[in-house]
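*Asks:* Input: one structure, supplied below.
The values are calculated or read from the model by the stated rules, or taken from the named source; none is laboratory data. If you're wondering where the values come from, they're calculated on a predicted model, not measured in any experiment. Here the Cβ is made from the backbone with ideal geometry for all residues, glycine too, and neighbour counts use every protein chain on show.
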Amino acid sequence: MSTPAATVPDLLDYDEVLERFDPVLGLEVHVELNTLTKMFCGCPTEFGAPPNSQVCPICLGMPGSLPVVNGKAVESAIRIGLALGCDIAEWCRFARKNYFYPDMPKNFQISQYDEPIAISGEVELEVEGQTFKIGIERAHMEEDTGKSTHVGVTGRIHGAEYSIVDYNRAGIPLIEIVTKPIEGTGALAPQVARAYVAHLRDLMRALDVSDVRMEQGSLRCDANVSLRPLGETAYGLRTETKNVNSLRSVERAVRYEMCRQGALLAAGGKVMQETRHWHEDTGITTPGRSKEQAEDYRYFPEPDLVPVAPSRKWVEELGTTLPEPPAQHRKRLFEAWGFTEMEFRDVIGAGALLLVEATVAAGATPAAARKWWLGELARRAKETEVELDALSITPAQVAEIQALVDAGKINDKLAREVFDGVLAGEGSPEEVVAARGLAVVSDDSALGAAVDRAIEANPDVAEKIRGGKVAAAGALIGAVMKEMRGQADAGRVRELILERLGAE
Amino acid sequence: MPAISRDEVAHLARLARIDLSDDELNHLAPQLDVILQSVAQVSEVAAQDIPPTSHPLPLTNVFRQDEIRPCLSAEEALAGAPIVDGAQAVEDERFRVPRILGEEA
């Protein structure tokens, strides 16, 4: 459908790839900052505004307009750099990246070239019990581009007749974070890539510098992958896969490229150094432009913007605003929640750490928060193929549902229906309970009639209970629950049954 | 050995989307070479410890507050779209541009 009719490449079995080759990764992550205004002008940055309603002469690149740097964006860039363990440049400039592509109306993008604001950092990841140190090459400031929609036969750019462009996104502050080559991951390469992006997402969220919503494009990853024969130290030719817009895709795209390149190399062929596009629907990558043609951007220092020279005092002050480092944060939560190591690892693996934390902060117990996020909600996220945090329910709402359960207003079964309602946008949990009539019935007059009917319909069971077999009450409770479509207060029903049959 | 060859000038012209004829290239390439050689003389005078000037004013850290300013309306913005075949190249409140090969945005 969206995949061009080009030949589908051969793939080498993943285990065979690893028997013969060693993968090397390089990850470029773009983070859209959550500043109120754009990088170089005062236009708002709200997501989802009507097309071309958040633009001005500066971000449209009109002649005579003059950009001015958003100080808040520089502050965020420095905090991100510090949180990644980077050195902050004492002096750096912006640069013009010249290219003719209609996503930038001024025919260049303001970026940073050989003087990034942050250099040489490191982050530590834990993947399946192993620790990986990921070197950070640099983090630099730039502006986002406009959003093109391709109109044509396929709806995608390949074979597109023309494109239509919305410049609301053009000029939104971006931080590009580039890793050093990541070696020594072997079979875990896809998981390490995913864990790295997840780590950045959590870090950006903790710093409160970005919405980091991959499905909205405020966190985007380009994955460079190359293979070299085992034992070889020189890097192989690499591909850069773009359009990787979910954590799951990061893992799949890396794995796919390893298998595709493995098949090429195993057959004695060569990997083309090129940009490739990831297709979420079909799970494959297809070639884009070749690198040789693309990288002639004629960078030069941006003459309209003066250099950025953060004082050491400012940098030091910003250093005191950093959140708890992720590893320490995890350790603290692990100790506070009392989960087993396995349970805790599952929470992290599911990307639910911050969600569970927020749910606990909103009043739920850790066990209850974990139960809903890793059970009911994980199942729904999987069904709809979205990340947990993309579900349209907030931790506070989950805590509210649990509070309704704890208060006896609903039971777990009804809670699932409340989740349905909240996820479907029917309102708050309380509103869903009211609108769908989901409250548990504990009113004796309503329950009593149903209990009487159940006893009448099951004389044998009733006799057993009269004779002291209290455990048999389950069958009668079941009958009452069935009649009341699960909305009876099971505890009260049991009491009423035992009361009527004189068994306690 | 010229500072810039005719091929390099042709390449730059292509990158800058400037359509130069062979005659124009023959005429302009040597001129550009002279300009570059003249500028190179300045580099000879400048000592190692003098960095190239990118900004004539000794200013740094000119920042703006993160405050929303009025922007153009979509109507005003789209009024700048080029006229193609007698009509403004606008569709669905967006700028319509020729098809692009090579990259998905």
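*Asks:* Between a residue in region A:208-227 that is over 30 Å from A:Leu18 (Cα atoms) and any residue that is surrounded by fewer than 21 Cβ atoms within 10 Å (Cβ to Cβ) and among the aromatic types (Phe, Trp, Tyr), which pairs come within a Cβ distance under 6 Å, given they are 6 or more apart or on different chains?
*Replies:* Partner pairs satisfying both residue conditions: A:Gln216/A:Phe47.
*Asks:* A further question on this structure: Do we have any residue at all in region B:71-88 that's in contact with a strand residue (DSSP E or B) (Cβ under 7 Å, 6 or more places away or on another chain) and of a type outside the set (A, V, I, L, M, F, W, C)?
*Replies:* There is no residue in region B:71-88 that is in contact with a strand residue (DSSP E or B) (Cβ under 7 Å, 6 or more places away or on another chain) and of a type outside the set (A, V, I, L, M, F, W, C).
*Asks:* Select from region A:210-229 the residues that are of a type outside the set (A, V, I, L, M, F, W, C) and either outside any strand (DSSP E or B) or not assigned by TED's automatic domain parsing to the domain that holds A:Lys242 (or both) and list them in ascending order.
*Replies:* Correct list: A:Ser210, A:Asp211, A:Arg213, A:Glu215, A:Gln216, A:Gly217, A:Ser218.
*Asks:* Then there's this: Looking at B:Val34, B:Val97, which is the one that is more than 14 Å from every other protein chain (Cβ to nearest Cβ), hydrophobic (A, V, I, L, M, F, W, C) and not in a loop (DSSP other than H, G, I, E, B)?
*Replies:* That would be B:Val34, the only listed residue that is more than 14 Å from every other protein chain (Cβ to nearest Cβ), hydrophobic (A, V, I, L, M, F, W, C) and not in a loop (DSSP other than H, G, I, E, B).
*Asks:* Another question about this same structure. Determine whether region A:494-503 contains at least one residue that is in a loop (DSSP other than H, G, I, E, B), under 30 Å from A:Ile393 (Cβ atoms) and among the aliphatic types (A, V, I, L, M).
*Replies:* For region A:494-503, residues in a loop (DSSP other than H, G, I, E, B), under 30 Å from A:Ile393 (Cβ atoms) and among the aliphatic types (A, V, I, L, M): absent.
*Asks:* Tally up the residues in region A:44-78 that are under 30 Å from A:Asp202 (Cβ atoms), more than 7 Å from chain B (Cβ to nearest Cβ), surrounded by fewer than 22 Cβ atoms within 10 Å (Cβ to Cβ) and not aliphatic (A, V, I, L, M), please.
*Replies:* Number of matching residues: 4.
*Asks:* A:Ser76 fails exactly one of the following numbered conditions: (1) hydroxyl-bearing (Ser, Thr, Tyr); (2) closer than 30 Å to B:Val97 by Cβ; (3) part of a helix (DSSP H, G or I). What is the number of that condition?
*Replies:* (2)
*Asks:* A follow-up question, please. Mind listing just one residue for me: the one in region A:29-43 that is of a type in the set (A, V, I, L, M, F, W, C) and more than 9 Å from chain B (Cβ to nearest Cβ) and, of those, farthest from B:Cys71 (Cα to Cα)?
*Replies:* A:Val29
Conditions (1) under 30 Å from A:Leu438 (Cβ atoms); (2) touching a residue at least 60 places away in the same chain (Cβ under 8 Å); (3) outside any loop (DSSP other than H, G, I, E, B), marked per residue:
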site	(1), (2), (3)
A:Pro310	no, yes, no
A:Pro323	no, yes, no
A:Gln328	no, no, yes
A:Phe334	no, no, yes
A:Ala358	yes, no, yes
A:Ala367	yes, no, yes
A:Val398	yes, no, yes
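*Asks:* Looking for whichever is farther than 30 Å from A:Asn243 by Cα, among the basic types (Lys, Arg) and either touching a helix residue (DSSP H, G or I) at 6+ places or on another chain (Cβ under 7 Å) or without any contact (Cβ under 8 Å) to a residue 12 or more places away in the chain (or both) here; the options are B:Arg69, B:Arg17. Which one fits?
*Replies:* Answer to the check: B:Arg69.
*Asks:* For region B:38-59, does any single residue satisfy the condition of being modelled with pLDDT of 90 or more, at the interface with another protein chain (Cβ under 10 Å from one of its Cβ atoms), exposed (fewer than 15 other Cβ atoms within 10 Å of the Cβ) and not in a strand (DSSP E or B)?
*Replies:* Yes, region B:38-59 has at least one match.
*Asks:* Another question, if that's okay. Go through region A:297-320 and give me each residue that's under 10 Å from B:Ser54 (Cβ atoms) and of a type in the set (Val, Ile, Thr).
*Replies:* Matches in region A:297-320: A:Val306 only.
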